[in-house]
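Undergrad: Just dropping this structure here.
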Amino acid sequence: MRIILLGPPGAGKGTLAARLVEHLSVPQLASGDILRSQIRQGSDLGRTVQQYLDSGALVPDEIIVKVMISRLCQPDCSAGYILDGFPRTLPQAQALDASLVELESQIDLVLYLDADAEVIISRLSGRRVCPVCNATYHVDNIPPAVPGKCDRDGAELISRPDDAPDVVRTRLENYRRLTQPLLDYYAGVGRFHRLDGNKDISEIYQQALQVLGGVVSPVDES
Ligand code: AP5
């Protein structure tokens, strides 16, 4: 099962992907997490991309395409993957398509998580992340068991620097200008489904499971 998750910043792509990963037993390939981890490691790639992430600009297509295509060729992706945050521009989508042809593979599903502007702003301003394992929380909607601490490893939760209001404005503008055209691109290809990202995460997850229902067996959600 190869899935692309599309949607604006803060729509809940990463949160939904984390649930689907457990259900489908395939890895989540989150472009933002991969880039942030390179920045933390201080690699050449991390140093190159830091300025883009800090300002809310998109990393150049040729860089991110190389990173993501090499990631999805790794052995743990042989049974599938969930692409979260990639592709994000038309040239990225075309590069992905070309690689999939070479790999004799294809995308099975494109899930578009749609959410209203005020929902997005409130989610990003309340988001807290674990710098160790990338788990994501929200101070009101999805709080950790112990305030400020990650449920998985107890690390101190932080706000993402690019969730600052001025950077969020740039990210949303880039989304509108560069990523929204992908909706038409994938809607034309088929296997495209819109999910109502304004709902709470359990409802969105159920919507996603319904879409997946024709392909994978249902699970007990209790
Ligand atoms: P990236 O990390 O991919 O950021 P993004 O796409 O802007 O997405 P977010 O991670 O902000 O949001 P999300 O939709 O995953 O929401 P989440 O689940 O966390 O990219 C960061 C940067 O990297 C980019 O700006 C760019 O510089 C670079 N980059 C990455 N990919 C690139 C590419 N392909 N090309 C070029 N550059 C690239 O949820 C948000 C909050 O809401 C959380 O607090 C969560 O707990 C809460 N929440 C989630 N769902 C719900 C719900 N249903 N109800 C209530 N609360 C919810």
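Undergrad: Counting only residues 5 or more places away or on other chains, whose amide H sits under 5 Å from the amide H of Tyr81 once H atoms are built in the peptide plane?
TA: The answer is Arg2, Ile3.
Undergrad: So how much accessible area does Asp116 have, in Å² to the nearest 10, using a 1.4 Å probe?
TA: Near enough 70 Å² of accessible area.
Undergrad: Using the alpha-carbon centroid of each, what span in Å lies between segment 1-65 and segment 80-117?
TA: 13
Undergrad: Name all residues of segment 161-175 having a backbone nitrogen under 18 Å from the label point set 7 Å from the Cα of Ala117 along its Cα→Cβ direction, giving them as ranges.
TA: Once the point is set 7 Å along Cα→Cβ of Ala117, 164-175 turn out to lie under 18 Å by backbone N, inside segment 161-175.
Undergrad: Here's something else I'd like to know. Could you compute the FRET efficiency for Val132 and Ala187, with r as their C-beta to C-beta distance and R0 at 45 Å, rounded to 0.05?
TA: Numbers: r = 38 Å, r/R0 = 0.84.
With R0 = 45 Å, the Cβ-Cβ based efficiency is 0.75.
Undergrad: Keeping the other protein chains in place, figure out the carbon and sulfur percent of the accessible area of the chain, with a 1.4 Å probe.
TA: About 51 percent, which is the carbon plus sulfur part of the accessible surface.
Undergrad: OK, next. Measuring with a 1.4 Å probe in the full set of protein chains, what accessible area per residue, in whole Å², belongs to the chain?
TA: 50
Undergrad: Tell me, what is the percent relative contact order of segment 22-173, built from C-alpha pairs under 8 Å that lie six or more residues apart?
TA: 23
The values are calculated or read from the model by the stated rules, or taken from the named source; none is laboratory data. Small disclaimer: the values here were computed from a predicted structure and weren't measured. Reconstructed Cβ throughout: ideal geometry from the backbone, glycine too, with neighbour counts over all protein chains shown. For accessibility, only protein heavy atoms count, side chains too; no ligands or nucleic acids. Shrake-Rupley method; radii C 1.70, N 1.55, O 1.52, S 1.80 Å.
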